[in-house]
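Since the structure comes first, as structure tokens, the remarks are kept for the end.
The values are calculated or read from the model by the stated rules, or taken from the named source; none is laboratory data. Owing to the predicted nature of the structure, the values given are computational and were not obtained by experimental measurement. All Cβ positions, even for glycine, are placed from backbone atoms using ideal geometry, and neighbour counts span all protein chains on display. Please note that ligands, DNA and RNA were not included when accessible areas were found on the heavy atoms of the full protein model with its side chains. Shrake-Rupley method; radii C 1.70, N 1.55, O 1.52, S 1.80 Å.
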Amino acid sequence: SKLSYTNDNLNLSGDFRATGNIYVSGSPVLTGTTNAYIRTIGLTVSSGDAAIAPGIKGDIMVPYSCVINEITLLTDITGNFLVDIWKTSYANFPPTSGNTITGSAPPRISGAIKYQDSTLAGWTTAVTGGDVIRFNVNSATSGTRLHLLLKCTVT
């Protein structure tokens, strides 16, 4: 990785990961890979010693506009989960099944402990700042803990 500063120009090249706020004046030139705008929207569902039951598991208001790039599901015990994700504006809260963003490809764990998809075929991936995302478990067998994670790029 390389960082150089000349004549009021900041030049970054290589692989940089940023946390917090970065303020740059002058004429910045960024090359390589930057992950400053990657965020994760997530929810953990825990049911103690009992298996997770189907139903609405939580809402998250997203304060920034972004594009969803990937879904990851992680659970503690091999099992089966079918999850739907609903999205609506704050003004139209609460989201319902009619607000699904997963189309005909809802995320699912099938006889495993994890699932990941970065194709998101048929999904509505755009999120506007202030939108509310709701996670709904359509069906579940086994598993007392489920992590639902959406990786997105801030726009």
Revision key, fill the gap. Over the stretch 87-141, the set of residues aromatic (Phe, Trp, Tyr), touching a residue at least 40 places away in the same chain (Cβ under 8 Å) and closer than 19 Å to Tyr64 by Cβ is Tyr90, Trp123, Phe135
Practice item. Can you tell me which residue within the stretch 62-100, out of those that are over 13 Å from Leu150 (Cα atoms) and among the aliphatic types (A, V, I, L, M), is surrounded by the fewest Cβ atoms within 10 Å (Cβ to Cβ)? Key: Ala91
Exercise for review: From the list Ile56, Ile52, Ile41, pick out the single residue that is touching a strand residue (DSSP E or B) at 6+ places or on another chain (Cβ under 7 Å), part of a strand (DSSP E or B) and either open to solvent by less than 70 Å² (accessible area, probe 1.4 Å) or at pLDDT below 55 (or both).
Suggested key: Ile41
Practice item. Look at the stretch 101-155 and say how many of its residues are part of a loop (DSSP other than H, G, I, E, B), of a type in the set (A, V, I, L, M, F, W, C) and open to solvent by less than 50 Å² (accessible area, probe 1.4 Å). Key: 4
